[in-house]
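The values are calculated or read from the model by the stated rules, or taken from the named source; none is laboratory data. Keep in mind the model is a prediction, meaning the values are calculated, not measured. Using ideal geometry, Cβ is built from the backbone for each residue, glycine included, and neighbour counts are taken over all protein chains shown. In case anyone asks, the SASA skips ligands and DNA or RNA and just uses the protein heavy atoms, side chains included. Shrake-Rupley method; radii C 1.70, N 1.55, O 1.52, S 1.80 Å.
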Amino acid sequence: MTLDSIAIEGGFQNPVFDAQTIFRAVMQAMAEPGTIHKGIALAKPPAPLTPEAAAVALALCDQDTPIWLDPALAGDDAVRAWLAFHTGVPLANTPADAHFVFSADPEHLIGLENFAQGSQEYPDRSATLVLQVSDLLGGEELVLDGPGIESEARLAPHPLPRHFTRQWAQNHARFPRGVDLILVSREGLAALPRSTRITSQEA
């Protein structure tokens, strides 16, 4: 199979409806941190980009939203061609220039502070990181509280960036600046907006 044919195949079957479905799932996940939203694998991208991460890209990214790919994704010609064909996204020159970040190897992701943080006047000019994790419930349990959470919520994604709870505390302290996370696995999708406070179960 040629690179051109790989790039063309695997998009949404019903682009408008499917994109709306994924967009609603992401918005609900952001509004209710820690909740898991299932049934979002509507795309069939080339590996190592997962169907769930690809669906988020198709729903949220376009020619006006530069993206940054971690080395696991950036080094794959088929992934770059697929994203370019289906979304038209440009690749950001640096992590700080990206509106969206996609990582297939979050355990070795560079520090969260390296991505666009927004400003006090324009906090929406920050990056959203889409992390491909093995699962959402099998790692170290995180205790979540903050807006959208009635008392507390629990999530256990694995793997996460190194020293995650410490990195996240620093990210949360920058509010309203800071990055937001979308976590995707075969189990579904969950989100951690910057307004969420996180402590580990062992803390």
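Some values worked out for this structure:
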read-out: Whole-number percent relative contact order across region 1-108, with pairs defined as alpha carbons under 8 Å at least 6 apart; value: 29 percent
read-out: Accessible solvent surface per residue of the chain, calculated while the other protein chains remain in place, 1.4 angstrom probe, Å²; value: 48 Å²
read-out: Accessible carbon and sulfur surface of region 92-203 relative to its total accessible area, %, 1.4 Å; value: 45 percent
read-out: Approximate spin-label separation Ile110-Asp64, in nm, with each point projected 7 Å along Cα-to-Cβ; value: 2.6 nm
read-out: Sites Arg186 and Thr165 - FRET efficiency at Förster radius 22 Å, r taken between beta-carbons, to 0.05; value: 0.35
read-out: Projected label distance in nm at Met27 and Ser200, using a 7 Å step from Cα toward the beta-carbon; value: 3.6 nm
read-out: Contact order normalised by residue count of the chain, Cα under 8 Å, 6+ apart, percent; value: 23 percent
read-out: Where labels lie 7 Å past Cα in the beta-carbon direction, separation of Glu121 and Lys44 in nm; value: 4.9 nm
read-out: Environment charge at Asp18 (Cβ cut-off 14 Å; Lys +1, Arg +1, Asp -1, Glu -1); value: +1
read-out: Where only C-alpha atoms are counted, convex hull volume of region 1-142 per residue in Å³; value: 128 Å³
read-out: Degrees between helix 51-60 axis and first principal axis of the chain (Cα, 0 to 90, nearest 10); value: 90 degrees
read-out: Principal axis dimensions, largest first and in whole angstrom, of region 76-203 by Cα; value: 43, 37, 24
read-out: Convex hull volume per residue for region 7-87, taking Cα atoms only, in Å³; value: 99 Å³
read-out: Signed unit charges on C-beta, dipole axis of the chain, positive-most listed residue Ala19, Gly111, Ser151; value: Ser151
read-out: Asn93-Glu141 FRET efficiency (beta carbon distance; Förster radius 30 Å; 0.05 resolution); value: 0.20
